[in-house]
Amino acid sequence: MKGHLQEAVFSLLLALVAAFLCVSAMDIPGGAHGSIAPATFPSVITFIIALLAILNVIACILKGKKANNLPAISRQGFLNLALFIVLSTAYVWVISMAGFLVSTFLYLLLMPPFICLISTDRKGHVAKPAFWARVTVFALLGTGIIYGVFVELLKVRF
Amino acid sequence: MGDYVEALGLVFQWHVLLVIGGGTLLGLIMGALPGLTAAMAIALLLPLTFGMPPVMGMGMLLGTLCGAIAGGSVSATLLNIPGTPSSVATTLDAFPMARRGEAGRALGICIVASFVGGVFSAVVLSLLAPPIADFALRFGPAEYFALSVFGLVIIASVSSKSLIKGLVAGLIGLLIATVGTDPVAGVQRYTFNNLSLLTGVNLLPALIGLFAVSQVLKDVVDYFGGGPVEHSKNKMDHARPRWLETLRYWKVLLSSSVIGTIVGAIPGAGGSIGSFLSYDQAKKMSKTPEKFGTGHPEGIVASESSNNALVGGALIPMLTLGIPGEAATAVLMGGLMIQGISPGPTLFTDNGSIIYGIFIAFFVANIFMLLIQWFGIRMFVKVLQVPRKLLMALILMFCVIGVYAVDADIFNVYLMLGFGGLGYFLNRYDFGTAPVILGLILGPIAESNIRRALMLSGGDWSVLVTRPISLVFLLVAAAFLFFTLWQNRRQTTPHS
């Protein structure tokens, strides 16, 4: 899918979410009491967002590449993005399950090989034992320093 | 005067100075790395300021801002890649000078010009902000609503090439600001029975998500091609401040500092506009305009003094009116609000020592910026060799820990990731993230003040146009909106 069409899809999604929230705003209780009701501001804002987003969809389709000459995000790009978000979300989930030390060590151990695997010039590094030794030291040191600063110094409770 | 004396005591403590210096150092490092913006640097360091007193925390963030803007000149000079958007004009002459084998000379001029620009704007800030705040004390609810509309319209108009996209981004911010318990009626809006959303969307996950996580995601997609890390081929000669050479161009230094401060004070104008305007002005004033673009010191002086003067200028509307002019000051304002301090005219009357402490801290940050660059410029050159791809992993980790550190609510961390995804797509399709943050900050101000204004006027909407200051703000906002619309149409018309 070309760049301007991807933008049209994104704008359409924005319009749909705004339309849903506009309808949801009708359920917000409370009267105006001489001013404006609690539902007024969200209703007006979501209505305008939906309207402007639809206008942008039309502009993207009519103007084509003139509206947005960006190269489209490739399938691989989307896959990398999705994988990165999954890894990051998993890190957050593991923090809530196993605490800071384990999750951060695992994150720092797994993220560099992941980044190497998605970049064409560093793929070969992952197969080398020296790479894993460096990454393990990096993960241990990184976890220790961050633990020292945030948990011991700044008293953040994980 | 008493406030100033008290403020001096708040700043000149060894641990406060150390923190300001540390913030400046980190800002310089982040600014030197291409793609890490000043707003991102401040957002990343924001969680560290929670336990600090306001002057100390703001001093650190101001140091980060000054450092990031000045640090942008390192990669602009050595790699021809501006570290921050405000260093774009610096590349025009600093890089050609570096290619001649005079990278140290170019950086030496950058150091002095940045310092002079920063100090100039600090002086203007401390002289102009109090009378502006004094005037703003006359503002009532109608004026505040009009001012919020004015700020939002301007930033939505200038932050994107398309007015529609800028407005959508600003309105998304306003919409997010409505989440939580309604402050007047006490009813819940868009909370979806989530306890973490009862008090509204926390500003920090939004700031870090939109400015830092979105950049990491951009790198993940962009680096799929896997280009090698860029290293400078330019050799460094002695990089020390070139005082005499820079001060020789005192007219350029002065005019660019003035332009930078004025442009900074105009909401939405941004750093690259200020430095290009100054560069253009310096070229017109110069006796040797043909040398511009070939590695001419005057060009470097103009760009660097202007982009650092912009910082002080941008603080004027933020501190006096509570209207941040661009992304970095919006994040800075978020930092103040997280500490429980609302920027605006009352800040000057209620917390005089804090506000003057911030002025002094800004001045001190500029001195640190000079000293750190003076003795450590070679270190920032080394920073350019850090593998960017591994840096992404570390940045994301700091984002997660920073947001979690606030109230140990894991929901806010997921929220930050969500904002990161939203920010990535908003940036990619040129909607911009600065209007979202501005909307998020101005939303509650706009809504609560329009409600108060209508209550006071008995539901009469004409209060917005019968009060002169409110009318002026609304008229200027409308004029700006139509001007941008006209400009957009002109750009899309084939004849123009």
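No value in this document is a laboratory result; all are computed from the given coordinates. Small disclaimer: the values here were computed from a predicted structure and weren't measured. In this analysis, Cβ positions are derived from the backbone assuming ideal geometry, glycine residues included, and neighbour counts consider all displayed protein chains.
Quick rundown of the values:
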item: Likely footprinting exposure, A:LYS63, A:LYS2, B:LYS287, fewest C-beta neighbours within 10 Å first; result: B:LYS287, A:LYS63, A:LYS2
item: Amide H partners (placed H, <5 Å) of B:ARG240, local residues excluded; result: B:GLY108
item: Given charges at beta-carbon only (K, R positive; D, E negative), |dipole| of the protein assembly as shown in Debye; result: 1940 debye
item: Average beta carbon contacts from partner chains per residue of B:467-476, 10 Å cutoff; result: 0
item: Distance between segment B:241-316 and segment B:446-464 - C-alpha centres, whole angstrom; result: 43 Å
item: Range of Cα positions in segment B:1-144 per principal axis (Å), largest first; result: 55, 35, 28
item: Peptides B:441-451, B:355-365 ordered by average Cβ neighbours within 10 Å, highest first; result: B:355-365, B:441-451
item: Mean residue ellipticity (222 nm) of chain B, computed from DSSP H runs ≥ 4 via -39,500 (n - 2.57), nearest 500; result: -24000 deg cm²/dmol
item: Where labels lie 7 Å past Cα in the beta-carbon direction, separation of A:LEU13 and B:LYS382 in nm; result: 4.3 nm
item: Footprinting exposure proxy for A:CYS22, B:CYS399 (fewest neighbouring C-beta atoms within 10 Å first); result: A:CYS22, B:CYS399
item: FRET efficiency, B:GLU6 to A:PHE78 (Cβ-Cβ, R0 56 Å, nearest 0.05); result: 0.50
item: Shielding of A:86-97 by partner chains, average beta-carbon count, 10 Å; result: 4
item: Cut-off under 5 Å, modelled amide H: who pairs with B:GLN188 long-range; result: B:ASP182
item: Net charge of neighbours whose Cβ lies under 11 Å from the Cβ of B:GLY357, counting Lys and Arg as +1 and Asp and Glu as -1; result: -2
item: Cα-centre dipole for segment B:329-428 with unit charges at Cβ (Lys and Arg positive, Asp and Glu negative), debye to 20; result: 660 debye
item: Within 10 Å of each Cβ in A:41-48, the average number of Cβ atoms from other chains; result: 6
item: Global form of the protein assembly as shown, assessed from the alpha-carbon gyration tensor, a/c cut-off 1.5; result: rounded
item: B:PHE192-A:VAL86 pseudo-label distance in nm [points 7 Å out on the Cα-to-Cβ vector]; result: 2.2 nm
item: Value of relative contact order over segment A:3-67, rounded to a whole percent, pairs C-alpha under 8 Å and six or more apart; result: 50 percent
item: Tilt relative to chain B, helix B:468-492 - C-alpha long axis, 0 to 90 degrees, to 10; result: 60 degrees
item: Highest to lowest packing among B:123-131, B:80-88, scored as the average C-beta count within 10 Å; result: B:80-88, B:123-131
item: Where labels lie 7 Å past Cα in the beta-carbon direction, separation of B:ASN488 and A:ILE145 in nm; result: 4.5 nm
item: Rel. contact order, % - alpha carbon contacts under 8 angstrom, at least six apart, segment A:75-153; result: 29 percent
item: Chain B: relative contact order in percent, alpha carbon pairs under 8 Å with at least 6 residues between; result: 29 percent
item: For chain A: rounded, prolate or oblate by the Cα gyration tensor [a/c cutoff 1.5]; result: oblate
item: Between helix B:434-456 and chain B: long-axis angle, C-alpha atoms, 0 to 90°, nearest 10; result: 30 degrees
item: Between helix A:40-63 and chain A: long-axis angle, C-alpha atoms, 0 to 90°, nearest 10; result: 80 degrees
item: Residue exposure sequence - B:GLU245, B:GLU102 - by fewest surrounding Cβ within 10 Å; result: B:GLU245, B:GLU102
item: Sites A:LEU153 and B:GLN13 - FRET efficiency at Förster radius 25 Å, r taken between beta-carbons, to 0.05; result: 0.85
item: Anchor A:LYS63: aspartates and glutamates whose Cα lies under 15 Å away (excluding residues fewer than 8 positions away in-chain); result: A:GLU7
